[in-house]
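> Please read through the structure below; I'll follow up with questions.
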Amino acid sequence: MFTFAVHTNMNVQMNFIENIKEPIIHEMQAFAKTFAEALKTDNPMLESVNEYVLQKSGKQLRPMLALLSAKLCGEVNEATIVSALSLELLHTASLIHDDVVDDTLERRGKPSINARWTNKIAILSGDYILSKALVYATKTNDLAILKSIANIGMQLSDGELLQLVNAQISKTSEANYFNIIRKKTALLFSTCTEVGGLSVKADNKSLAHLRDFGEYLGICFQIKDDIFDYFEDIQIGKPTGNDIRDGKVTLPLIYALLNTVGSERDHVLSMIDNKDFTSENIHAITQFAHDNGGVDYALSQMDKYKKKAIDELNGFVDSDVKRSLILSAEYAASRKI
């Protein structure tokens, strides 16, 4: 199994995030306060889960994108804050549900909600947070924003179901892969950037560029996430090899399987079809993807979408906000966790 360089560390990654956040530091403070208030409840069980969710909340890149997109086109307002909150709540709920579906016991180095409590509590807590997301979406009093947020909730589930259906090797293709990650990941990023623009009444041309920027950024982000599965590193927020164990055939393996012939390929297919995922077999499968150009190809595609995302910002006036959005794309491609 390949390993990332030892010199990689959390401080470099956090500095990246702090630099992205710099032009919206005060707006992110307002967001954090609203996020904490949104999770308050008089239900003792929900209170415990929600406090745990707050402790585990990640880098919050998605609300940052919403706030930066708004500030690129105008001034952040209450609609921007509650829109960003709604999207982060929706994202949080989807992660809780995903962990149950995938039987994931760890997220960001800590036990998942379903591992800490039970599947039932995780599902019901996720439902509660999802409902909160929709409540906050209505507080924008903007039908366009509400439609955009409601649509992404549907697309996330659609993407997860598509991934389950396409788990069979016979249905594996690069086109299917990109369709799934658009629905699962890219459209949420796209919605964040679009909703940020909508909240400040950005013009249609700007909205189109923001939507495309978010989509390309999201594709870049997800390809990077999938590449992580082919390396060993304790800093990664999920155990490596997990996607393969779950039957998720992602871009590095898709490319290697579609561009090779012979007994080694047949052996890899046999291990996947039979779900024979011992540690040795996981190593063999990941090595196969490395040796046959799959990881290098995925890296090249990731870089392509990073550049496509940055190109969407060309028409906007140079500013610290624009630089932060460009840095978001650089971060998505270069992150180590």
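Read the figures in this text as sums done on the coordinates, not as results from a lab. As the structure is a computational prediction, the values presented were derived from the model and not from experiment. We place every Cβ from the backbone using ideal geometry, glycine too, and count neighbours over all the protein chains shown.
> Would you mind checking the pairs Lys56/Lys275; Lys275/Lys308; Lys59/Lys183 and listing those with alpha carbons more than 30 angstrom apart? Don't jump to the answer; show the numbers that get you there.
Details: Lys56/Lys275 32 Å; Lys275/Lys308 37 Å; Lys59/Lys183 21 Å.
As for pairs spanning more than 30 Å Cα to Cα, those are Lys56/Lys275; Lys275/Lys308.
> Still on this model: Output wanted: per-residue J couplings in Hz (rounded whole) for segment 179-191, from phi through Karplus 6.51 cos²θ - 1.76 cosθ + 1.60, θ = phi - 60°, x for Gly and Pro.
4, 5, 6, 4, 6, 6, 10, 5, 5, 5, 4, 4, 5
> Glu106's amide H: which non-local residues (gap 5+, or another chain) put their own amide H closer than 5 Å, with H modeled 1.01 Å from N in plane and none for Pro or chain starts?
The answer is Ser112.
> Once the piece of chain linking Lys40 and Asp291 is laid out straight, how much longer is it, given 0.36 nm per residue of separation minus the C-alpha distance between them? Walk me through the numbers on the way to the answer.
On the way: separation 251, 0.36 × 251 = 90.36 nm, distance 5.05 nm.
Roughly 85.3 nm would be gained on extension.
> Which of the peptides 54-67, 208-221, 266-279, 108-121 is most tightly packed, and how do the rest follow, going by the mean number of other Cβ atoms within 10 Å of each residue?
Details: 54-67: 20.7, 208-221: 24.9, 266-279: 13.7, 108-121: 16.3.
Most protected by this proxy first, the peptides run 208-221, 54-67, 108-121, 266-279.
> Taking the C-alpha atoms of segment 2-334, how large are the radius of gyration and the largest Cα-Cα span, Dmax, in Å?
19.9, 61
> Say R0 is 22 Å: what FRET efficiency, to the nearest 0.05, do Glu75 and Ala208 get from their beta-carbon distance?
Values: r = 21 Å, r/R0 = 0.96.
The pair Glu75/Ala208 has a calculated efficiency of 0.55.
> Note the angle between two axes, namely the Cα long axis of helix 10-21 and the longest principal axis of the Cα atoms of the chain, as a number of degrees from 0 to 90, rounded to the nearest 10.
Computed tilt is about 40 degrees.
> Nearest 10 degrees is fine. How inclined is helix 119-138 to the longest principal axis of the chain, computing both from alpha carbons?
40
> Further question on the same structure: How would you classify segment 104-222 from its alpha-carbon gyration tensor, with a ≥ b ≥ c the square roots of the eigenvalues: rounded for a/c under 1.5, else prolate if a/b is greater than b/c, otherwise oblate?
Values: a/c = 2.19, a/b = 1.21, b/c = 1.80.
Oblate, because a/c is 1.5 or more while a/b does not exceed b/c.
> Rounded to the nearest 0.05, what FRET efficiency do Leu105 and Asp266 give with R0 = 56 Å and r taken as the Cβ-Cβ distance? Could you check? Could you put the intermediate results ahead of the total?
Numbers: r = 33 Å, r/R0 = 0.58.
With a Förster radius of 56 Å, E is 0.95.
> Moving on. Rounded, prolate or oblate, given the Cα gyration tensor of segment 238-337, with a/c below 1.5 counting as rounded?
Verdict is prolate for segment 238-337.
> Using a Cα-Cα cut-off of under 16 Å, which aspartates and glutamates could be cross-linked to Lys224, ignoring same-chain neighbours fewer than 8 residues away?
In chain and number order, the partners are Glu174, Glu215, Glu232, Asp233, Asp243, Asp296, Asp303, Glu330.
> Pairs to check: Lys184/Lys336; Lys33/Lys201; Lys132/Lys336; Lys21/Lys201; Lys139/Lys306. Give those whose C-alpha atoms are more than 28 Å from each other in this structure. Walk me through the intermediate numbers first.
Working: Lys184/Lys336 21 Å; Lys33/Lys201 25 Å; Lys132/Lys336 32 Å; Lys21/Lys201 22 Å; Lys139/Lys306 33 Å.
From Lys184/Lys336; Lys33/Lys201; Lys132/Lys336; Lys21/Lys201; Lys139/Lys306, over 28 Å: Lys132/Lys336; Lys139/Lys306.
> Still on this structure, I have one more. Measure nothing but the geometry: give the 0 to 90° angle between the long axis through the Cα atoms of 44-56 and the longest principal axis through the Cα atoms of the chain, rounded to 10°.
70
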